[in-house]
Amino acid sequence: MFILVLAAANAITDPATGIIFSSKIDDRQIAGVGVRKKGPIKIYSVGMYVPETVKESLSTVSKKSKKALATLRDNAKSSKATFLLKMNFKVGAEKMASAIADSVASRHNGPESEINDFKSLITNGISGAAEKGTTFQFDCSKEGLKVAVDGKDQGVVSSAGLAGAFCDVYLDEKGVSPTLRKSCIETLCTE
């Protein structure tokens, strides 16, 4: 009982949607949460999970430093970072898969076949539409980009470049969730 209370106490809630993210996924810890908006619509909340080594490497970087975001991006790409998306709004399967794949494609320098394979993994995991509450887990590592929908593994695209481009969707200067970037830097960096 104590363990359940402790885990719940370390959970983080996205203030924009009220969606709760657990403190850990496997060996990775929550780094921050944010929202993906399209106009006034809050499509989904996203949580980023990183290994302890990433937290340690950012613990000496100032929140106000211009290198904070670059350090976060570099560390996310060189370790195993997980992005967990939790839907707040119903979106059709093809539209959701296309939106995510298009965001990655604009940052990816590799073959188009990797984007197509990635998009297929997302589409195959959705039955009709991504309903409110549907989850998408993207594990980014040097081995590639692993996709799970509602806890069911859909497969891996073996491309470190694709995994890095996915990280950039959330962590570059034009990332789709500025609130996630801000939350991660606030959580991981020093004053």
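Each value in this text was obtained by applying a stated rule to the coordinates, not by laboratory testing. Just so it is clear, the structure is predicted and the values come from calculations on it, not from any experiment. Cβ placement follows ideal geometry from the backbone for every residue including glycine, while neighbour counts extend to all protein chains displayed.
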First in the stretch 54-66 and over 12 Å from Ser79 (Cα atoms), second anywhere and exposed (fewer than 11 other Cβ atoms within 10 Å of the Cβ) and β-branched (Val, Ile, Thr), Cβ under 9 Å, 6 or more apart = none
task = Confirm whether Leu72 is part of a strand (DSSP E or B), of a type outside the set (Asp, Glu) and buried (at least 21 other Cβ atoms within 10 Å of the Cβ).
result = no
ask   = Could you say whether any residue in the stretch 87-110 is touching a residue at least 12 places away in the same chain (Cβ under 8 Å) and farther than 23 Å from Lys38 by Cα?
value = yes
key: Selection status of Leu121, assigned to a helix (DSSP H, G or I), crowded, with 21+ Cβ neighbours inside 10 Å and more than 15 Å from the chain's Cα centre (by Cα)   = yes
query = Checking Glu186 against (1) out of contact with any helix residue (DSSP H, G or I) (no Cβ under 8 Å at 6 or more places or on another chain); (2) on the phi > 0 side of the Ramachandran plot, which test does it fail?
reply = (2)
request  = Run Ala130 past the list (1) out of contact with any strand residue (DSSP E or B) (no Cβ under 6 Å at 6 or more places or on another chain); (2) aliphatic (A, V, I, L, M); (3) closer than 19 Å to Lys38 by Cα; (4) in contact (Cβ under 8 Å) with a residue 40 or more places away in the chain and report the number of the one that doesn't hold.
outcome  = (1)
